[in-house]
Amino acid sequence: MKTYDAVIVGGGIIGGSIAFDLGRCGLRVAVLDRQELMREASWAAAGMLSPAPDCPAAIPLVPLARASLALYAEFVDRVEDASGLLTGYREGGAVEVICHGDAERELSTIVALHHGLGLACEPLPLDEALKLEPGLGRDARAAAFLPDECSIKPRALSAAVLAAARSAGAELRPGIEVTSLFLQGNKCLGVKTSEGETIHAAQVVLAAGCWSSQILGASPYAPTLPVRGQMAALRHSGMPLRHVLRSERGYLVPRGEETPQTIVVGSTIENAGYEKRITAGGIEKILSAANELVPELEKAEIIETWCGLRPGSPDQLPILGPADIEGLVFATGHHRNGILLAAVTAKLVSEWIADRRVSLDWEKFSPLRFVPAEPNRSASASSPL
């Protein structure tokens, strides 16, 4: 009977990054996924690396997001060195464009919020915005520049992370559907699969995205739910975009600087269950937002449309850390931030498994927040250094 030091359930960017870090620590690691690896939310992502909150509920996430962004360049270097593959990591900042409402008031609010959260953000006069991005539309009423934001090509990153994990000794096992945890008393000793196989491990990491809630024994700690996002890619033959552009209605993420340029356009946020399909209304919504930001994109060719299921959670925050079951750690519920949070999530989960201590406070993301408190539950499970 083969026993692993760690079994990771879920082969997306979170699971793959954790496998890479644990493999580098010399652990015997297996990554299990119900289908092809990296083919869900990670494959469907746009690749914006922004620590800014996209809604009030996400404000508690900002310190963790900032920490992950600070780790990202080094994370990319390690992944690229180990895999021999490029990830399309790109610095240079982003431009936030306001097209509706009381633009100056909204701009002041955005700048004040960013500064209050320790994020770089400055008002950008429209004439300066047009110098940065000459294709901006006439509907732009105000703009802000966010100099620290970056982007990456998620599909390239996904391939590189898998190759890096494999080079670190991780065993990658697609097509293995985990149906339940293998529990004995208050210990998790592995997982059980749909084929009746029991896979033994000293540590189980639940990183199965929106399917985490479907695994017997995990759902009380990880009540994840799917949040559909529809996307499109355009081939733009006009003046290339130099920055990520976003507004209250959508965003544009340029790939490279050559002409014609591929531009990723997104995205919808839909509670449609596990139904993955592209709709006319969804695509119309994101293309309308794109054309408002850069009117010249009306001439662009649509080269791809797709959708993905983000792993949401009831409070829109990730589910990170140990449960009150020995040998069980969660790393799921990253919603729209899985690509960004991969670096810090891998770091923290690896620290916990190796040392039972973490270098950042992750207690507010604990899976224990979803289950009733019990007198014997350890309050120190997620204490930082």
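Among the candidates L64, L32, L69, which residue alone is surrounded by 16 or more Cβ atoms within 10 Å (Cβ to Cβ), outside any helix (DSSP H, G or I), at pLDDT 95 or above and assigned by TED's automatic domain parsing to the domain that holds R356?
Details: L64 fails: outside any helix (DSSP H, G or I); L69 fails: outside any helix (DSSP H, G or I).
One residue alone meets the criteria, L32.
I need the full set of residues from the range 259-274 which are polar (S, T, N, Q) and free of Cβ contacts under 8 Å to residues at least 40 places away in the same chain, in order please.
Initially, the range 259-274 is screened for residues polar (S, T, N, Q), giving 259, 261-262, 267-268, 271.
Those that are polar (S, T, N, Q) and free of Cβ contacts under 8 Å to residues at least 40 places away in the same chain: T259, Q261.
May I ask you to verify whether V227 is assigned to a strand (DSSP E or B) and without any contact (Cβ under 8 Å) to a residue 60 or more places away in the chain? Spell out the reasoning first.
On the way: assigned to a strand (DSSP E or B): yes; without any contact (Cβ under 8 Å) to a residue 60 or more places away in the chain: no.
Judged against the criteria, V227 is not a match.
Taking the residues in the range 35-61 that are in contact with a Ser or Thr (Cβ under 8 Å, 6 or more places away or on another chain) and assigned to a helix (DSSP H, G or I) as candidates, determine which candidate is nearest to E149 (Cα to Cα).
Among them, the one singled out is S42.
Any residue at all in the range 99-116 that is part of a loop (DSSP other than H, G, I, E, B) and either under 17 Å from A159 (Cα atoms) or touching a Gly at 6+ places or on another chain (Cβ under 9 Å) (or both)? Outline the logic, then answer.
So in the range 99-116, the residues part of a loop (DSSP other than H, G, I, E, B) come out as 99-102.
From the residues that got through so far, the ones that are either under 17 Å from A159 (Cα atoms) or touching a Gly at 6+ places or on another chain (Cβ under 9 Å) (or both) too are 99.
For the range 99-116, residues part of a loop (DSSP other than H, G, I, E, B) and either under 17 Å from A159 (Cα atoms) or touching a Gly at 6+ places or on another chain (Cβ under 9 Å) (or both): present.
Taking into account only those residues within the range 308-328 that are out of contact with any Cys (no Cβ under 8 Å at 6 or more places or on another chain) and acidic (D, E), which is farthest from I14 (Cα to Cα)?
Filtering the range 308-328 for residues that are out of contact with any Cys (no Cβ under 8 Å at 6 or more places or on another chain) and acidic (D, E), the one farthest from I14 (Cα to Cα) comes out as D324.
Could you list, in sequence order, the residues of the range 289-312 that are loosely packed, with under 14 Cβ neighbours inside 10 Å and under 23 Å from E96 (Cβ atoms)?
Matches in the range 289-312: E298 only.
What residue, of L293, L320, L287, is outside the structural domain of Q184 (by TED's automatic domain parsing) and under 27 Å from E91 (Cβ atoms)? It would help to see each step written out before you state the result.
Details: L320 fails: outside the structural domain of Q184 (by TED's automatic domain parsing); L287 fails: under 27 Å from E91 (Cβ atoms).
So the residue among L293, L320, L287 that is outside the structural domain of Q184 (by TED's automatic domain parsing) and under 27 Å from E91 (Cβ atoms) is L293.
When residues of the range 321-360 are filtered for being on the phi < 0 side of the Ramachandran plot and free of Cβ contacts under 8 Å to residues at least 60 places away in the same chain, how many remain? Break it down stepwise before answering.
Residues of the range 321-360 that are on the phi < 0 side of the Ramachandran plot, as a first pass: 322-326, 328-332, 334, 336-355, 357-360.
Then drop every residue that is not free of Cβ contacts under 8 Å to residues at least 60 places away in the same chain, which leaves 348, 351-352, 355, 357-359.
Matching residues across the range 321-360 total 7.
Restricting the range 313-364 to residues that are of a type in the set (V, I, T) and part of a helix (DSSP H, G or I), which is surrounded by the fewest Cβ atoms within 10 Å (Cβ to Cβ)?
In the first step, residues of the range 313-364 are kept if they are of a type in the set (V, I, T); the result is 319, 325, 329, 332, 339, 344-345, 349, 353, 358.
Add one more test, that the residue is part of a helix (DSSP H, G or I), and what stays is 339, 344-345, 349, 353.
Details: I339: 27, V344: 26, T345: 28, V349: 29, I353: 22.
This residue is I353.
Do we have any residue at all in the range 49-60 that's crowded, with 24+ Cβ neighbours inside 10 Å, farther than 30 Å from T198 by Cβ, in contact with a helix residue (DSSP H, G or I) (Cβ under 8 Å, 6 or more places away or on another chain) and not hydrophobic (A, V, I, L, M, F, W, C)?
yes
The values are calculated or read from the model by the stated rules, or taken from the named source; none is laboratory data. Owing to the predicted nature of the structure, the values given are computational and were not obtained by experimental measurement. So basically every Cβ, Gly included, is an ideal-geometry build from the backbone, and we count neighbours across all protein chains shown.
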